[in-house]
1. Note the full-extension length gain between residue B:59 and residue B:6 as 0.36 nm times their separation in residues minus their Cα-Cα distance, in nm to one decimal.
2. Using the alpha-carbon centroid of each, what span in Å lies between segment A:58-113 and segment B:178-254?
3. Would you compute, from DSSP H runs of 4+ residues alone, the mean residue ellipticity of the protein assembly as shown at 222 nm, taking -39500 (n - 2.57) per run and dividing by the full residue count, rounded to the nearest 500?
4. DSSP loop (so not H, G, I, E, B), at most 12 other Cβ within 10 Å: list which trypsin sites (Lys or Arg not before Pro) in segment A:365-420 pass both filters.
5. Classify segment A:333-416 as rounded, prolate or oblate from the Cα gyration tensor: take a ≥ b ≥ c as the square roots of its eigenvalues, call it rounded if a/c is under 1.5, otherwise prolate when a/b beats b/c and oblate if not.
6. Out of B:167, B:101, B:134, whose Cα points farthest toward the positive end of the dipole of segment B:97-176 (charges: +1 Lys, Arg; -1 Asp, Glu; placed on Cβ)?
7. Looking at A:368, A:356, A:380, which one has the Cα that reaches farthest to the positive end of the dipole of segment A:352-403 (charges on Cβ: Lys, Arg +1; Asp, Glu -1)?
8. In percent, what relative contact order does chain A have, based on Cα pairs under 8 Å that are 6 or more apart in sequence?
Amino acid sequence: MTNRYIASIDQGTASSRCLLFDERGRIVSVAQKEHHQIFPKPGWVEHDPGEIWQNVLEVVQEALAKAQLTLSDIVAVGIANQRETTVVWDRATGEPVQNAINWQDIRTDHLIHELASEAGQDRFRERSGLPLATYFSGPKIRWLLDHIPGLQERAEAGDVLFGTMDAWLIWNLTGRHVTDVTNAGRTMLMNLQTLEWDDVLLDALGVPRAMLPEIRPSAEVYGEATGALAGLPVAGALGDQHAALFGQTCFAPGEAKCTYGTGSFLLLNTGEQPVTSANGLITTVGYKIGDAPPTYALEGSIAVTGALVQWFRDNVGVIGSAPEIETLARTVEDNGGCYFVPAFAGLFAPHWRSDARGVIAGLTGYITKGHLARAVLEATAWQTREVVEAMNSDAGFELKTLRVDGGMTANNLLMQFLADVLDVPVVRPIVAETVSLGAAYAAGVGVGFWPDIESLRENWHKAAEWIPGMDSAVRDKGYRKWRKAVQRTLDWVDDDDDDVTS
Amino acid sequence: MPGSIQSIERAAAILRLLSGRSRRLGVGELAGELGLPKGTVHGILRTLQLVGFVEQDAESGKYQLGAALLHMGSSYLDGNELRTRALNWADSLAARANESVRIGTLHEGQALVVHHVFRPDNSRQALDVGALLPGYATALGKVLLAHNPYATDAVIDAGLSPFTPATMVDADALRAELNEVRVRGWAADVEELVEGEVSLAAPIQDRRGATVGAIGISGPIERLANSEGPRSELISYVRESARAVSRDLGAIPW
């Protein structure tokens, strides 16, 4: 019997990557290529979909070449992708009508305010699970329809098609116009209960149904690739954070993962029913495997975590590299009473206060750069605790263990402090590439390479575990101080600040 | 040698003598070796001391190489930085070897564990990052000592005490072993720290070829060794991961 492998495409914000995994979920090859970040105006971020498609083809070929494999060694390909980034293309020519509008792009800010002014930020929360915010695809489609002459008519006739990156890649690979349900759930156009496009939402945003892809499960054979990857079944797709949840095998209600990068994303499996958040979290589809019922999740995103360490490195300059922050932080025993709330662009989940700005609280003459380094790292842990408390309250059960991945898990001091302030064990799996692994798992289950999702659990192994060891009085006091520091960020932005803050 | 600067040549000669076998020399000894007046040698030593390239031993008054120079030579890499750069490779070694992985850096003749990956079998294991392992009785330590003769001298001077009957307590035997480790590029400890346990390690090098750490696996002798010694496929996994980390640090240009 020959060894066979699953190819996983991670179409991310900065780059496209291809990883090949063996049957035990081990990485056998990695290839990566960055694409251009296009900034036409302040606050606008675009990607060239054609460049991304070419890069994806290249990284797949490169990953095969590095492992000395050919297409015939690959059983199926899965896709994980940057979420919400919006492409509209011509059905006949396949040419995008313009660059993709990236999820970070805030050009829909005014549109969002208009939509919210009538009924508030939660206007579509019940149906879509999402608060009104610039990230989501639906308003980006509306912007394109408003700003490209004739596009509305072409969209109504079905001559142009919309897709997030999963749909764009599947269309280019197979010729089918389909999207995975986790990606569809980030458009603000999908009904969270029916998992279909919702007429009320389509009407509210004026998006023609004819341009939308068919919504399909996260794992099934969408089609066979033609062209350079001819014959390869495309059998799985998930938004990147959903892929990480799946790759961490958080298959049971109550299991949660947090991916620590520039920002951090905590997703909690809540089972077969969507839980509407009373605490400002997002309700989302975790994954849907074939005909099985969907698994829902609560999502809390933290805007500034690794970004604060980068800020400390680049803007303050007392460390030369991000990992050195741990060395600096270990020069002191504790934070010296100093707390750093990085509300650089306001407070997000669970506070949602755009009038807040960052503070360093508790400064005294005693505070050194070591204490500041501690406060920088602790900010990530305290922000996680706020999201976890909101989730516990919404979901009605307590988190038992937090599975972590992402670059910041290399920081032992942070991971131990995280376990201490959450008062639950924090575990890191042996495959850090959970996003790619999740997409590989979806594709492998989609073609029967793995018989079922339970069999995937056998591939999940602890690489490290941090056990809580903090005295509860210390923890409670720390959290009390953190919340006081958070209070001090509020009501900072004034009406006449607009010109300097945005 | 036309165009060369005499005082720099003399300083280099002093540093070369101090990096030789005896390591610690007085002004008189240095002057004798170089055939220079004591006053000249003393002047050069004072300047080298100012820039941290030599240090004077308070008790004996003799000179030795300074910390600044040693740091340059050993190319100090922050342990947290090393862990971050090696994270994926350490995971992949643990997955391939099916054993726990540790990365160590040299700390006063011992191996300081800066990274630890559990054996991927979901058994109960505790993180031992921050632990110090004896340099002469572990594979990690032997790799680190093999590339640092100063630390080796200090370890031998401090005395080699046995942990098991297999621990190397003879200084000459240890030196010979470390020499072999340096030449062949990997080290083993076979029941030298704990009876029934084996560890294997290989050096992590930076772009200047300096050894900045060691990566290795450890586990029961039944799994890590056979009748001929450490299992060759495990040695190759360890060496491949060490090379992969080194390549990421810029050591190997291909």
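The values are calculated or read from the model by the stated rules, or taken from the named source; none is laboratory data. These numbers come from a predicted model, not from an experiment. All Cβ positions, even for glycine, are placed from backbone atoms using ideal geometry, and neighbour counts span all protein chains on display. SASA here: full protein model, heavy atoms, side chains in, ligands and nucleic acids out. Shrake-Rupley method; radii C 1.70, N 1.55, O 1.52, S 1.80 Å.
1. Difference between extended and current length: 16.0 nm.
2. Between the Cα centres of segment A:58-113 and segment B:178-254 lies a distance of 41 Å.
3. On the way: 27 runs with 281 residues, N = 756.
Estimated from H runs of four or more residues: -11000 deg cm²/dmol.
4. Values: sites: A:369, A:374, A:385, A:400, A:403; in loops: A:400.
Here the trypsin sites (Lys or Arg not before Pro) that fit, given the DSSP loop and packing criteria, are A:400.
5. It comes out oblate by the Cα gyration axes.
6. B:101
7. A:368
8. Details: 1139 pairs, mean separation 73.5, N = 502.
That works out to 15 percent.
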